[in-house]
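> Please read through the structure below; I'll follow up with questions.
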Amino acid sequence: MKLHPLIAIWAVLSACVPASANPALHLSPMPTLVRADPRGVGMAGDITARLDSIVEVGIAQGAAPGVALAVGRYGRLVHLRGYGRIDTGTVAPVVTDSTLFDMASLTKVVATTTAAMILEDEGKLELDAPIRTYLPELSDTAKSRITVRMILTHSGGFEAFAPLWREHRGRADYLAQINARPLAYAPGDTTIYSDWDFILAGLIIERITGMTLDQFVATRVWQPLHMGDTGFNPLASSALSADSACTAAFRPDHPLLDRIAVTEMDTAYRHVHVHGIVHDENACALGGVAGHAGLFSSSRDVAVFCQMLLNGGTYGGVRLIKAETIARWTARQNRASSRALGWDTPSDRSSAGHYFSPRSFGHTGFTGTSIWIDPERELFVVLLTNRVDPTRANLRHEELRRDIADEVQAEILDAPLVRWREP
């Protein structure tokens, strides 16, 4: 089989630290990330060259115009690099480790889930409370049984998606529409991945804190971690009004545009080549700040975030979340679904492939972004792309992900593979 190079990258990464390799290796934790040679953390010495080759060929074959990649283990950053350009063509600025990517659904875990963990630690959020406790506008009796835990595990009964952006705008309007729309199934009966779950989670955070979601995570997460590349509406000089579309933040001459990866040519809603404003239409109609999408960040910032989670909620001597909270929230919640609280865990259909440990957790974003974190091997992988530029029809980075991952892993590893199995 001829392997698609950008798909192969995830295979290399997900198997670069097999559980059977270097069993005696133990490194002291680091308070912050430091650069290190891969061999010093039990990884192959040529892993960087292999990753470079895979990504560069993948870009040449059109998988995405730009890619940023970060890999760390034991608090050591062994790979951090940008590839390609922020847009198609040869004149666009090159991607670096500080290029901002539209994180899409990584917003759900990096921003919203993290904020919810903090609030539970503070006793302000109850997972088994009905969501109408926090959002009384959800008055539909069919939704009275839906709990916070259900929306965080995508088992609340909501449909997967609807283009509300065509006719609606703003938080109050969206909340009314979500309340009015029928459920797709009885709450708790099954799992359907739904943006409505995390739009509601974001609104709950705002009600509890009295702050907008972007303000809360900026003060409680980005600033303590010194994640200066991370935030919503990167072009906005001030907060947008509650009923503004994200387009109100766009400035065609903004100097930051050279550092932001371009996304889709939007022919249905904004009729522009989307750049510096959120790709997701519903998030745009919510002013660019939503619980399900809207966050922008860089590979170097997301690497810090991942290490904070591997450190048990601390980074640089600052504690954000309790270690036991992270362990509980990132564990699979029941045997019927791979979902943790906000996060996903390995399954036959997840982005983990077959070789991350059962304790690992991760998530993907529609624009071509992904995170996987393995606390058993103290490993994280951040892969950011703008595969939707110029069209979301480009699925080359996802083709035969699991089959290709297995084949590449079997060919490149010297150590025996330990295949992940459904528990």
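The values are calculated or read from the model by the stated rules, or taken from the named source; none is laboratory data. This is a predicted model, so every value here is computed, not measured. No Cβ is skipped: glycine too gets one built from the backbone with ideal geometry, and neighbour counts run over all protein chains shown. The protein model used for the area step is the full one, side chains on, heavy atoms only, and it has no ligands, DNA or RNA in it. Shrake-Rupley method; radii C 1.70, N 1.55, O 1.52, S 1.80 Å.
> Give the residues of region 132-163 that are of a type in the set (A, V, I, L, M) and more than 16 Å from Ala184 (Cβ to Cβ), sorted by residue number. Walk me through it before giving the result.
Filtering region 132-163 down to residues of a type in the set (A, V, I, L, M) leaves 135, 138, 142, 146, 148, 150-152, 160, 162.
Leu135, Val148, Leu152, listed by residue number.
> Another question, then. Only one residue in Leu295, Leu320, Leu286 is more than 17 Å from the chain's Cα centre (by Cα) and within 30 Å of Arg251 (Cβ to Cβ). Which one?
Leu286
> Quickly run through region 294-325 and pick out the residues that are assigned to a loop (DSSP other than H, G, I, E, B) and in contact with a Phe, Trp or Tyr (Cβ under 8 Å, 6 or more places away or on another chain). Quick ask: steps written out before the conclusion?
Initial filter on region 294-325 (assigned to a loop (DSSP other than H, G, I, E, B)): 294, 298, 311-313, 316-317, 320-322.
The answer is Gly294, Ser298.
> Moving on. Can you name every residue in region 67-77 that is buried (at least 23 other Cβ atoms within 10 Å of the Cβ) and more than 17 Å from the chain's Cα centre (by Cα)? I'd like the intermediate steps shown before the answer.
At the first step, the residues of region 67-77 found to be buried (at least 23 other Cβ atoms within 10 Å of the Cβ) are 67-73.
Of everything in region 67-77, just one residue is buried (at least 23 other Cβ atoms within 10 Å of the Cβ) and more than 17 Å from the chain's Cα centre (by Cα), namely Arg73.
> Hey, can you tell me all the residues within region 162-178 that are in contact (Cβ under 8 Å) with a residue 40 or more places away in the chain and surrounded by 15 or more Cβ atoms within 10 Å (Cβ to Cβ)?
Within region 162-178, Leu164, Trp165, His168, Arg169, Gly170, Arg171, Asp173, Tyr174, Leu175, Ile178 qualify.
> A follow-up question, please. For Met117, which of the numbered conditions (1) aliphatic (A, V, I, L, M); (2) part of a loop (DSSP other than H, G, I, E, B); (3) within 20 Å of the chain's Cα centre (by Cα) fails to hold?
So the condition that Met117 fails would be (2).
> To continue, here is another question. Inspect all residues belonging to region 306-313 and state whether any of them is free of Cβ contacts under 8 Å to residues at least 40 places away in the same chain and open to solvent by 10 Å² or more (accessible area, probe 1.4 Å).
yes
> In region 221-237, which residues are in contact (Cβ under 8 Å) with a residue 12 or more places away in the chain, open to solvent by 20 Å² or more (accessible area, probe 1.4 Å) and more than 16 Å from Gly294 (Cβ to Cβ)?
Across region 221-237, the qualifying residues are Pro224, His226, Gly228.
> Condition first: closer than 22 Å to His363 by Cα, in contact (Cβ under 8 Å) with a residue 12 or more places away in the chain, in contact with a helix residue (DSSP H, G or I) (Cβ under 7 Å, 6 or more places away or on another chain) and assigned to a helix (DSSP H, G or I). Can you find one or more residues in region 120-134 that meet it? Give the steps one after another, and end with the answer.
Of the residues in region 120-134, the ones closer than 22 Å to His363 by Cα are 120, 127.
Restricting the remaining residues to those that are in contact (Cβ under 8 Å) with a residue 12 or more places away in the chain gives 120, 127.
Still in the list and also in contact with a helix residue (DSSP H, G or I) (Cβ under 7 Å, 6 or more places away or on another chain): 120, 127.
Applying the additional criterion that residues be assigned to a helix (DSSP H, G or I) yields 120.
Taking every residue of region 120-134 in turn, at least one turns out to be closer than 22 Å to His363 by Cα, in contact (Cβ under 8 Å) with a residue 12 or more places away in the chain, in contact with a helix residue (DSSP H, G or I) (Cβ under 7 Å, 6 or more places away or on another chain) and assigned to a helix (DSSP H, G or I).
> Right, next: In this structure, is Arg251 open to solvent by 50 Å² or more (accessible area, probe 1.4 Å) and more than 24 Å from Ser98 (Cβ to Cβ)?
Numbers: open to solvent by 50 Å² or more (accessible area, probe 1.4 Å): yes; more than 24 Å from Ser98 (Cβ to Cβ): no.
Here the answer is no, as Arg251 does not meet what is asked.
> Report, by residue number, each residue of region 194-220 that is polar (S, T, N, Q), open to solvent by 10 Å² or more (accessible area, probe 1.4 Å) and not in a helix (DSSP H, G or I). If you could, list the steps in order and put the result at the bottom.
Step one: filter region 194-220 for residues polar (S, T, N, Q), giving 194, 209, 212, 215, 219.
Within this subset, residues satisfying the condition of being open to solvent by 10 Å² or more (accessible area, probe 1.4 Å) are 209, 212, 215, 219.
Hit for region 194-220 is Thr212, nothing else.
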